[in-house]
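Every number here is computed from the coordinates shown, using simple stated rules; none is lab data. Only a predicted model underlies this, so the values are computations on that prediction, with no experimental measurement involved. We place every Cβ from the backbone using ideal geometry, glycine too, and count neighbours over all the protein chains shown.
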Amino acid sequence: MSNIDNEPFPRFALIAAGILIAGSITAAAAARFSNTQNAESAASESVQPLAARDLTFFDMEDGSVQVRDAAGAQVVFVAAPGTNGFIRGVMRGMARDRRSRGIGQEPAFRLAQWPDGRLSLEDLATGRQIELSSFGGSNRAAFAQLLYPQAASVT
């Protein structure tokens, strides 16, 4: 039989381990909720997009999706039935979020090109934002054509 069976575990080691664990959790929580996170979001809010356009999306009776410029209500793009799956998928998710909040399809979405190359879509009614660049180049291009419709029609 060894001494560990007869003697209790050293109390100092247990207290030190508890303090180390509590300190680690406290440090992680402090870093998570610190002001540095607020400073980063404030800095990112001060960055202005290179280009932005407010758009509305309307489901048509024939199955197409009509994209209109919110400022002038002119038709920017029409996604024919069965085409533009990425645009349809993103907008379906955004519409589901709006329906759950009792919001219709009239409020605009803001499509923005950022200085670092990102392309984002923000629902101005809910504040939900999607980073479109993270879905790959061809999917990003599907939305980029809505921001620069004249350039898209040339290519």
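Under the convention that each Lys and Arg Cβ holds +1 and each Asp and Glu Cβ holds -1, the size of the dipole of the chain around its Cα centre is about 140 debye. Taking amide hydrogens as placed 1.01 Å from N in the peptide plane, the amide H of Val76 sits under 5 Å from those of Val67, Arg68, Asp69, each at least 5 positions away in sequence or on another chain.
Taking the inverse of the mean 1/r over every pair of distinct Cα atoms in the range 68-155 gives a Kirkwood hydrodynamic radius of 13.8 Å.
Taking a sphere under 15 Å around the Cβ of Ala80 and counting the other residues whose Cβ falls inside, with K and R at +1 and D and E at -1, yields a net charge of -2. I'm a student and want to see the number: the projected area of the Cα convex hull of the chain, averaged over all directions, in nm². One quarter of the hull surface, i.e. the mean projection, equals 17.2 nm². Each helix, a run of at least 4 DSSP H residues, gives -39500 (n - 2.57); summed and divided by the residues of the chain, these come to -14000 deg cm²/dmol at 222 nm.
Lys and Arg at +1, Asp and Glu at -1: add these up for the other residues within a Cβ distance under 13 Å of Asp54 and post the number.
Local charge sum for Asp54: -1.
Applying the Karplus relation 6.51 cos²θ - 1.76 cosθ + 1.60 with θ = phi - 60° to the range 122-136 yields 3J(HN,Hα) values of 10, 7, 5, 7, 10, x, 5, 10, 10, 8, 6, 5, 6, 9, x Hz, where x marks Gly and Pro.
Peptides 120-129, 21-30, 94-103 ordered by packing proxy, namely the average of other Cβ atoms within 10 Å per residue, highest first: 120-129, 94-103, 21-30.
Couplings for the range 9-14, taken from phi via the Karplus curve 6.51 cos²θ - 1.76 cosθ + 1.60 with θ = phi - 60°, read 5, x, 4, 4, 5, 5 Hz in order; Gly and Pro are left as x.
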